[in-house]
Amino acid sequence: MEEIIQFVYIASAVLFILSLKWMSEVKTSRWGNWAGSAGMALAIVATLLKPEIHGYLWIAIGIVLGASIGTPMAVLMPMTAVPQRTALSHAFGALAAGIVGSTEYFLKADSFSLPQLVVLSIEVLLGFLTFTGSLLAFAKLQEILPTRPILYPGRNYVSLTVFSSCLLLIAYMVAKGGFHPFLFISLIGFSLLFGILLVLPIGGADMPTVISILNAYAGLSSSFMGFLLNNKLLIIAGALDGSSGLILSIQMCKAMNRSFTNVLFGGMGQVLEVVDPSRDGKVVKSLSPREASILFEAAKKVIVVPGYGMAAAQAQHVVKELTDVLESKNIEVKFAIHPVAGRMPGHMNVLLAEADVPYDKLVEMEEINPLFPETDIVLVVGANDITNPAAKKNPGSPLYGMPILDVEKAKQILFIKRSMSTGFAGIDNDLFYSPKTIMLFGDAKKVLNELVVSLNSQ
Ligand code: NAP
């Protein structure tokens, strides 16, 4: 039986690797999803066949409980809430790793070798800090907690003290060997606390990087658990999860011009003072969609900047309709894709692909930025932070340093959004008050529909 289990584990590992490979391209991403799910199903079945399992009752209860939480989460949560859902999945996965590690310690602490104790301690540290860190990320993404960085005086010293306490506890327990229940429970407590301190000072705009680093921590914790339980598949799956999370974090940091070390140790937000520009005395111009449609008569080049609001309004299909109408009037249309537009990496690409917008019309930030000065109209559809010039001009802003789309350089800017509300980072956007800007207030789908109707009747 053991040979069969190991063989199935190898098949699962291959499917996991293929899954990652296929998911890196839109064309093959569905295959990637299937391969990952099939690999996981095989891994579960093979594990259930292990001879050391004596009864299935508690396992069945766990499966029913997990499925009754996971299924509604997958079915009911909208696509715009995927980052929150991912944060919750990390929290549950990491909690499982932490609990398994703790159980192993309480059952077998006396018999562990020094390397096993080191591995177990790191697993517990990573598992529990990822649990609370991910819950906090969930609360921020769901806007249960403020999305701004939550800062307090001396926070770096507090974080450093808590993290050092974890390391000292681990060093003592490993050096002494044997069973130290009180110290072990203290390690759990400090790890839980450190997870909270890690995510607390991080603002909404930096959440994508945090989610991917928590992903990496959860993966590493599972991999360590694999060493502890002598389960090769868990080592491989955890390492794949950990390393892909790490690579994604590094890429996100590059895209958002953030220091990777700061993200790794929760240091983001430390130099930031949130200073909102006041709206007093600033003038906002707005037009109805019908009035705005006239502006397109003289336009030759249009860039559409999609953001979270397009996803929230499910306006991607009418964006495509608008593109077709404009092109029928010999107006060139391109789409500017910011790496963190929306609420998950590749969010805009997926939505626009769903609406059959040709891939060659989607232009990444570095290539589209030089094109803004020669653009007649930029149509910003439910985007905000990714266009905010404060990222370049205001060192006190939580967005400072993040590369943005140079929308301000276009000849005319039209913003479609429902109100003067802020974006995810929770800060005002000076661009709304620019003499070049006209606001088209309303739900993105409704406004775009009216624009299409007006343009068609011209
Ligand atoms: P954003 O800054 O959050 O702004 C979205 C805007 O859309 C809001 O100002 C909102 O204004 C408007 N909106 C919402 N619903 C709308 C609707 N139905 N119709 C029309 N407008 C609507 O979005 P973004 O510019 O795409 O920037 C993304 C932000 O999310 C960044 O701060 C990024 O760091 C963060 N983030 C990204 C990811 C990722 O991986 N992509 C993950 C997590 C967080 P009104 O309320 O006035 O309508």
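The values are calculated or read from the model by the stated rules, or taken from the named source; none is laboratory data. Please read all numbers here as calculations on a predicted model, not as lab measurements. Positions of Cβ are generated from backbone atoms using ideal geometry, with glycine treated the same way; all protein chains shown enter the neighbour counts. Quick note on the areas: whole protein, heavy atoms, side chains included, nothing else; ligands and nucleic acids left out. Shrake-Rupley method; radii C 1.70, N 1.55, O 1.52, S 1.80 Å.
Here are a few things to note about the model shown:
- Filter result for Lys320 (more than 14 Å from the ligand (Cβ to nearest atom), under 25 Å from the mean Cα position of the chain (by Cα) and assigned to a helix (DSSP H, G or I)): no
- Contact map, the range 377-395: first residue under 16 Å from Ser434 (Cα atoms), second residue small (Gly, Ala, Ser) and open to solvent by 10 Å² or more (accessible area, probe 1.4 Å), Cβ cut-off under 6 Å, separation 6 or more or different chains; pairs are Asn384/Gly423; Asp385/Ala205; Asp385/Gly423.
- Qualifying residue in the range 27-39 (condition: buried (at least 18 other Cβ atoms within 10 Å of the Cβ) and touching a residue at least 24 places away in the same chain (Cβ under 8 Å)): yes
- Here Ile427 clears all of (1) open to solvent by 20 Å² or more (accessible area, probe 1.4 Å); (2) closer than 20 Å to Lys285 by Cα; (3) outside any helix (DSSP H, G or I) except the condition numbered (1).
- Unmet requirement for Ser191, which otherwise passes all of (1) surrounded by fewer than 24 Cβ atoms within 10 Å (Cβ to Cβ); (2) more than 16 Å from the ligand (Cβ to nearest atom): (1)
- Total residues in the range 328-345, condition away from the ligand (no atom under 11 Å from the Cβ) and either modelled with pLDDT under 95 or not in a strand (DSSP E or B) (or both): 4
- Close pairs from the range 333-352: first of a type in the set (A, V, I, L, M, F, W, C), partner part of a loop (DSSP other than H, G, I, E, B) and more than 11 Å from the ligand (Cβ to nearest atom), Cβ under 7 Å, at least 6 apart: Phe335/Val357
- The set of residues in the range 338-370 being open to solvent by 50 Å² or more (accessible area, probe 1.4 Å) and either of a type in the set (Asp, Glu) or more than 21 Å from the chain's Cα centre (by Cα) (or both) consists of Glu354, Asp356, Pro358, Tyr359, Asp360, Glu364, Glu366, Glu367, Pro370.
- Matching residues, the range 246-289, being crowded, with 18+ Cβ neighbours inside 10 Å, modelled with pLDDT of 75 or more and small (Gly, Ala, Ser): Ser249, Ala255
- Filtered residue count, the range 40-50, keeping only those that are surrounded by 15 or more Cβ atoms within 10 Å (Cβ to Cβ) and among the aliphatic types (A, V, I, L, M): 4
- Residue count for the range 87-145, restricted to those that are farther than 30 Å from Ala425 by Cα and of a type in the set (D, E, K, R): 4
- Matching residues in the range 145-162 - criterion: being surrounded by 12 or more Cβ atoms within 10 Å (Cβ to Cβ) and either in a loop (DSSP other than H, G, I, E, B) or free of Cβ contacts under 8 Å to residues at least 40 places away in the same chain (or both): Leu145, Pro146, Thr147, Arg148, Pro149, Ile150, Leu151, Val158, Leu160, Thr161, Val162
- Whichever residue in the range 197-215 is farther than 27 Å from Ala239 by Cβ and near the ligand (Cβ under 9 Å from one of its atoms) and, among such residues, is surrounded by the most Cβ atoms within 10 Å (Cβ to Cβ): Ala205
- Candidate set: the range 409-424, residues that are surrounded by fewer than 22 Cβ atoms within 10 Å (Cβ to Cβ) and either in a loop (DSSP other than H, G, I, E, B) or at pLDDT below 95 (or both); chosen: the one farthest from the ligand (Cβ to nearest atom): Lys411
- Of the residues making up the range 373-407, those that are away from the ligand (no atom under 16 Å from the Cβ) and either open to solvent by 20 Å² or more (accessible area, probe 1.4 Å) or assigned to a helix (DSSP H, G or I) (or both) are Pro373, Glu374, Asp376, Lys393, Pro395.
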